[in-house]
Amino acid sequence: MALLLREGDVLSLLGMSDTIMVLEQAFSSWAQENAVNRSRTRIVQANGVMHLLAAAVPTLGVLGFKTYTVFRSGTRYVVMLFSAQDGHLLAIVEADWLGRMRTGATSGLATKYLAVQDASLVGLIGAGKQAYTQLMGVCAVRPVKAVYVFSRRLPECEAFCNEMMRRLSIDIRPVASPRQAVESADIVITATTSAEPVYPGDWLKAGCHINAIGSNWANRHEIDLATLQRCDLIVTDSQEQARLEAGDLIIPANEGLLDWKKVHDLAEVVAGHGPRRQSPNEITLYKGVGIALEDVAAAAHVYTLARERGIGEELNLLS
């Protein structure tokens, strides 16, 4: 019988450190050609969009897809998880929190491999839903002591900082400008809905690492050309998908200002086949677009934990 896992179930089961660990295994499997990822497709309607992503991770015993709709009435996410052994439906997973966790965990994984070991100061631009798990991800892999947060909406920013201080037990404070968030940061995170760059690249501190995760549309970008030009290493979760929807990279590439050969897959970095940081003064960038491999691997982990702990609702479907 299939298992129905609701948002509350996922929230109770999925921790950041173990999500990073599972994604590390999945990306390593992909680098060894033991996993399959299919780039996002979109069905655009006049009043909304449906998105579809699919992947197989046989080393975790699963294959599946995530679909979500974005309409004026809201956004709804679900992962359908199947057995890689016999094709049976294993689980239907409500996937809002799962999606945020896998996004934060992938940034955490990139930070683990790319940021300097003693990175302790984070500059965060954006204080929305994705910002929560972005901070959780980097704090799981580096000894973060302080976070400076800029958002155009001060009340929401203050509430975010107070909540994350309680959650992470570190100093997290709002700042009055993007520059105050960026210029001293060892790790810079952009998690916004902006269609234009949110800071100039000349503000970046030598040796910093950037996680840019806000945009996955070809005509939108959070980071500017100066940031890309200062980066010694650029990594993305899928170059194939980034070529379709990472405006941060597509826009300069189309203008002849970025060579795609300089953009590397996170899977190759994790597996030891790709480049790594060579010195503490290099600037590194992870551009996340959000891929199915992350969703399916995270859902597989949630499903395994749910079975072990007797959580979820049994459904007699697709025998």
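The values are calculated or read from the model by the stated rules, or taken from the named source; none is laboratory data. It should be emphasised that the depicted structure is a prediction, and the values quoted were computed from it without experimental measurement. Counting neighbours? That spans all protein chains shown, and the Cβs are built from the backbone with ideal geometry, glycine included.
Observations, loosely collected:
- Taken over the range 1-44, residues that are of a type outside the set (A, V, I, L, M) and modelled with pLDDT under 95 amount to 0.
- Going through (1) without any contact (Cβ under 8 Å) to a residue 12 or more places away in the chain; (2) part of a loop (DSSP other than H, G, I, E, B) one by one, Asn34 falls short only on (1).
- Qualifying residue in the range 61-84 (condition: closer than 20 Å to Asp237 by Cα, surrounded by fewer than 16 Cβ atoms within 10 Å (Cβ to Cβ) and either among the acidic types (Asp, Glu) or assigned by TED's automatic domain parsing to the domain that holds Arg309 (or both)): no
- Hits in the range 277-310 - residues which are farther than 17 Å from Ser83 by Cα and loosely packed, with under 13 Cβ neighbours inside 10 Å: Gln278, Ser279, Pro280, Asn281, Arg309, Gly310
- Counting only helices (runs of 4 or more DSSP H) that sit completely within the range 239-319, those holding 2 or more residues that are out of contact with any Phe, Trp or Tyr (no Cβ under 8 Å at 6 or more places or on another chain) correspond to 239-245, 247-254, 292-309.
- Counted residues, the range 169-194 - those being part of a helix (DSSP H, G or I) and in contact with a strand residue (DSSP E or B) (Cβ under 8 Å, 6 or more places away or on another chain): 4
- Looking only at residues in the range 76-95 that are of a type in the set (A, V, I, L, M, F, W, C), in contact (Cβ under 8 Å) with a residue 60 or more places away in the chain and outside any loop (DSSP other than H, G, I, E, B), the one that is farthest from Leu11 (Cα to Cα) is Leu89.
- Given (1) outside any helix (DSSP H, G or I); (2) without any contact (Cβ under 8 Å) to a residue 40 or more places away in the chain; (3) in contact with a strand residue (DSSP E or B) (Cβ under 6 Å, 6 or more places away or on another chain), number of the condition Cys157 does not satisfy: (1)
- Residues of the range 277-309 classified as under 25 Å from Ile250 (Cβ atoms) and of a type in the set (S, T, N, Q), total: 1
- Options Glu282, Glu313, Glu268, Glu245: the member that is among the acidic types (Asp, Glu) and touching a Leu at 6+ places or on another chain (Cβ under 6 Å): Glu313
- For Trp217, the conditions (1) assigned by TED's automatic domain parsing to the domain that holds Ala195; (2) aromatic (Phe, Trp, Tyr); (3) touching a residue at least 60 places away in the same chain (Cβ under 8 Å) all hold with the exception of (3).
- Identity of the residue in the range 127-154, assigned to a loop (DSSP other than H, G, I, E, B) and at pLDDT 95 or above, that ends up surrounded by the most Cβ atoms within 10 Å (Cβ to Cβ): Ala127
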